[in-house]
Amino acid sequence: MHFKLIVAFVEDNKTEAIMNAARDAGATGCTIINNARGEGINEKKTFMGLTLATQRDVLLLLVETHLSRHILEYIGEVGEFDAKPGTGIAVLIDVEDAVGVMHQAQELEEIVEENL
């Protein structure tokens, strides 16, 4: 079985919706790293030396290769990444190998077979 890693940087108030969307699209789990910060083209505004920016979460989703593009596009829609600047980004990375996912392999095989 081959995997890809989706790394999504999202506004913390959209984390739950994006996780649910990923699961609906075929993801079997997610790791969340809380309280990340980021900056886009424009610098963040400051007030009295404090940066006024929403907190971000980093979502890591190890997904089966055949489902990866669909999951990526769906979380992009739900997160409104292309519709509203600054709402988040997601990237898809090839994974050479993974361990610790054998308990999910059977479920993933059934899902992938249904979608092919």
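The values are calculated or read from the model by the stated rules, or taken from the named source; none is laboratory data. No experiment lies behind these values; they were computed from the predicted model shown. Using ideal geometry, Cβ is built from the backbone for each residue, glycine included, and neighbour counts are taken over all protein chains shown.
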Members of the range 1-25 that are assigned to a strand (DSSP E or B), surrounded by fewer than 18 Cβ atoms within 10 Å (Cβ to Cβ) and among the basic types (Lys, Arg): none
In the range 5-25, the residues that are modelled with pLDDT under 95 and touching a Ser or Thr at 6+ places or on another chain (Cβ under 9 Å): Val10, Glu11, Asp12, Asn13, Lys14
Residue satisfying all of: in the range 26-43; part of a loop (DSSP other than H, G, I, E, B) and surrounded by 12 or more Cβ atoms within 10 Å (Cβ to Cβ); modelled with the lowest pLDDT among these: Gly38
